[in-house]
1. Do you know which of the residues in the stretch 13-46 that are over 13 Å from Val110 (Cβ atoms) and of a type in the set (A, V, I, L, M, F, W, C) is surrounded by the most Cβ atoms within 10 Å (Cβ to Cβ)?
2. Going residue by residue through the stretch 382-389, is there one that turns out to be over 38 Å from the mean Cα position of the chain (by Cα), touching a residue at least 12 places away in the same chain (Cβ under 8 Å) and over 17 Å from Val416 (Cβ atoms)?
3. Every residue in the stretch 312-352 that is surrounded by 13 or more Cβ atoms within 10 Å (Cβ to Cβ) and among the charged types (D, E, K, R), please.
4. Could you please find all residues in the stretch 141-155 being part of a helix (DSSP H, G or I), touching a residue at least 12 places away in the same chain (Cβ under 8 Å) and among the hydrophobic types (A, V, I, L, M, F, W, C)?
5. Would you mention how many residues in the stretch 164-181 are open to solvent by less than 20 Å² (accessible area, probe 1.4 Å) and over 16 Å from Val227 (Cα atoms)?
6. Looking only at the stretch 58-100, which residues are out of contact with any helix residue (DSSP H, G or I) (no Cβ under 9 Å at 6 or more places or on another chain) and under 18 Å from Cys36 (Cα atoms)?
7. Inside the stretch 353-366, can you point out the residues that are open to solvent by 20 Å² or more (accessible area, probe 1.4 Å) and of a type in the set (A, V, I, L, M, F, W, C)?
8. Enumerate the pairs (first residue in the stretch 83-102 and without any contact (Cβ under 8 Å) to a residue 12 or more places away in the chain; second residue anywhere and open to solvent by 20 Å² or more (accessible area, probe 1.4 Å) and assigned to a strand (DSSP E or B)) with beta-carbon separation below 8 Å, excluding pairs fewer than 6 apart on the same chain, so at least 6 apart or on different chains.
Amino acid sequence: MTIRAFTPPPGFVDLLLDAVCVVDSDGRFLFASAACERIFGYRPDEMVGTLMIDMVAPEDRGRTLEAARQIMGGDAKPGFENCYLRKDGSRVHILWSARWSAPDQVRIAVAHDITERKRAEAVQKALYAISEAVHTAGDLSALFPHIHRIINTLLPATGLTIALFDPACQQLDFPYHAHGADDESARAAAAHHALCEYVSKTGEPLLLRRTGTERLPDWLSDAAAQVAPCWLGLPLVSGKGVIGALAVMEMADSPCYSERDQELMQFVSAQIATAIERKQLDSELRHMAQHDALTGLPNRTVLHDRLNTSLAHARRNNRGISLLYIDLDRFKSINDLHGHETGDKLLKEVARRINGCLRDADTVARVGGDEFVVLLDGDCEQGDAERVAEKIRAECAGIRIRDLDLVITPSIGIAVYPDNGENAQQLLRYADDAMYRMKKKGRDGR
C-alpha cells in the first residue's frame, strides 16, 4: 500500500477548533487562526499587531509574562492555564501549549478553551465551600461574608446584598450589604431595596445592564437607574418557597454579567438559600435550648453561664456584681382564679417590665414558674441593687390583663459579690433565702 504525502493547503490551520497563535519577542500577535474569533471574540485581523498581555485578565498578567519569559528561554509549556478577557468583556479560560522558535524569534502557541471545565470545577468547589461554611460560621451574620467570598470565586462581585423575608413584620430585612458601586447614597440604597423586593415578589431573576431595563415596570425604572450598571438579582428559593433575594453588582468600568452568569447564579443561589435556612434552623434550636419558651427570657443554663463569666471578671478586676431573686406574690391565686392563659400573659408582661428596668449589660432569666433572677453586671453595690429592686416593684405595681386590673407584688431578695458569696451557688442561695425572708415580712417585703 502506497501512502501519499499530504500537503496542507493555505488556510488549513483555520479548520482547527483550537486557536493557533504566533507572537513575536515583544509579545505582539503576528498570526491568529480563525478559531480565535470563537474563543476570544476578536477577528484574527483585529488581533494581529496587538499586545498579547493586554488581552490577559489583570490577575493573571504577572504569571503569564513569567511563563512567556521561560518559553523564550527554551522551556516548552505544554499545559499552561490562564484567563483572557473576551471582546465583550467576559472571561475565557485557556489551556496553552507553547514553545519558542529561535530561528524565527517567535512563540508558537495553541489555545484550547477550558472555560466550561473551569466553571464546573469552580461550582463544585463553591458548593463544597457553602456546605462547609454552614458548619464553621457561628451564626447567620458570620455566614454572609463567607458567601460573599465564595461568590467572588465564580464571578466578579464587589457588591453583594442579601435580603431575607421576616415573617414577624411581613417585609424584607437586609442583614448583609457590601457596597460595590460608586454611589453609596441613601437613594442608591433605597433603589437596591426596591429591586430586591421586586425580585423576591416575582420569584424571577433580574439582570440589569447598560443596554437598558425594558423588562422593568415604569415605577422601578428610576430605581434601576440608581444602581450599578452591572446588577444581577436572584430570588432565594428553598423548599418553603422564596425566602428572600440575593443581588451581586460590579463597578461601572467592569464587564457586565451575562445570561450564562445568571444561569450559574440561579443554581448557586438555590444552594445558598438552603444554607441560610439551615443556619436559621440552627439558631432557632440554639435559642430554644437557651431561652424560656413563654417569656423569651434566658433560662437557668444561660444565667449560670453569664453569672460564672461575670464572677471571673469581677475577681480579676476587683469589682462587685449583684443578684436579685424575684418571686411574684399572689401569682398562684391569680392563676387559679382567672386561668392559665391570664397567668401566662401576666408572666410575659412582668418579664417585659423587669427587662425594661435593666441596662443592656444586665440579664434577667426565668428560673421557675413565677421566679426570676436578675444579674446586675458591672460595679454594683448593695445600694445600686436596692434602687433597681424599687424600680421593678414600681413597674409591677399595677398590670392590666384582659380587662382585669391585677394587683401583683414582687418579693425580691438581693445578694452582692463578694459580701454574700464567693461563687454562683452561694450567691443564688443567699438571694433565694433573702427573698423568702422578705415574703415572711409581708407582700413585697414591706
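The values are calculated or read from the model by the stated rules, or taken from the named source; none is laboratory data. In this text the structure is predicted, and so the values were computed from the model without any measurement. Reconstructed Cβ throughout: ideal geometry from the backbone, glycine too, with neighbour counts over all protein chains shown. Ligands, DNA and RNA are excluded from the accessible area calculation, which covers all protein heavy atoms including side chains. Shrake-Rupley method; radii C 1.70, N 1.55, O 1.52, S 1.80 Å.
1. Phe40
2. So the first thing to find is which residues in the stretch 382-389 are over 38 Å from the mean Cα position of the chain (by Cα), and the list is 382-389.
So of that shortlist, the ones also touching a residue at least 12 places away in the same chain (Cβ under 8 Å) come out as 382, 384-386, 388-389.
This time we only want the ones that are over 17 Å from Val416 (Cβ atoms), so: none.
No, there is no match, as no residue in the stretch 382-389 is over 38 Å from the mean Cα position of the chain (by Cα), touching a residue at least 12 places away in the same chain (Cβ under 8 Å) and over 17 Å from Val416 (Cβ atoms).
3. Those that are surrounded by 13 or more Cβ atoms within 10 Å (Cβ to Cβ) and among the charged types (D, E, K, R): Arg319, Asp327, Asp329, Arg330, Asp344, Lys345, Lys348, Glu349, Arg352.
4. Leu143, Phe144, Ile147, Ile150, Ile151
5. Final tally of qualifying residues: 1.
6. So the first thing to find is which residues in the stretch 58-100 are out of contact with any helix residue (DSSP H, G or I) (no Cβ under 9 Å at 6 or more places or on another chain), and the list is 58-60, 62-63, 66-67, 69-74, 76, 78-79, 88-89, 97.
Answer for the stretch 58-100, where residues must be out of contact with any helix residue (DSSP H, G or I) (no Cβ under 9 Å at 6 or more places or on another chain) and under 18 Å from Cys36 (Cα atoms): Asp88, Gly89, Ser97.
7. Leu358, Ala361
8. So the pair list comes out as Ser101/Arg107; Ser101/Ile108.
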